[in-house]
Amino acid sequence: MTATVLSAAATGAFTGGAASVTLVVTGGLLVACGVYQLLAQSLTRLVLGLIMTGNGLNVLILAAGGLGPADVLTQAMILTAIVITLGMAAYLLALAYRNWQLNGDDLVQDDVEDRRIARAAHREDLSGELRTQRAAYRADRRAALDASWVRKQELREALREARRELRGRARLQRAIAARAEDYEYLEEETESDTDFEPRPTHRGGAT
């Protein structure tokens, strides 16, 4: 109904009717503020939102019907809306006063079923987040295990290469030591052969 009244008021304002753009803007602001107040849990704010919404709709009806005194239908609708708004406001004020007497505040308590649905939705959201975190943890753990396995393989290959290099160096050292022993043995043999050689004699006669 609000959208219909807004469209009718805008049509009357911008098609050369008697409605004023100021009334349309004022009515729209009142309806917007009233709807915002109706979303609260406080009964006092609900009453204020109901009054503001009703007045905004009345202004929009006035803007849609025209400002002339001859439009009786618009005036009758506005009067009826005013009476209904006042009756609802009085009823909500009585509820707010009674709730304040019993509980010390005017807040509207949530329904038990609404709370159960909200808890179920919250639990579902938490379980979904937990599943997402578990999946992310498993993926990270799998990636870490794969990286550690690759690192372990690299370390094993490096250790094998180091062992091969050490073995090669050990073989080379043994070969060098064996060659040095062979050289020492040959030198000793050569020295022993030169010790047993006959001394050269002089062929000339003694003088």
>> Condition first: β-branched (V, I, T) and surrounded by fewer than 15 Cβ atoms within 10 Å (Cβ to Cβ). Now tell me which residues in the range 26-57 satisfy that.
In response: V35
> Can you tell me which residues in the range 29-43 are modelled with pLDDT under 90 and over 14 Å from M88 (Cβ atoms)?
Replying inline: L39, A40, Q41, S42
> With respect to A90, is the statement that it is touching a Leu at 6+ places or on another chain (Cβ under 7 Å), hydrophobic (A, V, I, L, M, F, W, C) and within 21 Å of L43 (Cα to Cα) true?
Replying inline: no
>> Any residue in the range 82-106 that is at pLDDT below 90 sitting within a Cβ distance under 7 Å of a residue that is assigned to a loop (DSSP other than H, G, I, E, B)? List the pairs, counting only those 6 or more apart or interchain.
In response: A96/D106; N99/D106; W100/D106
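The values are calculated or read from the model by the stated rules, or taken from the named source; none is laboratory data. Remember, it's a predicted structure, so these values are computed and weren't measured experimentally. For neighbour counting, all protein chains shown are included, and Cβ atoms are generated from backbone atoms with ideal geometry for every residue, glycine included.
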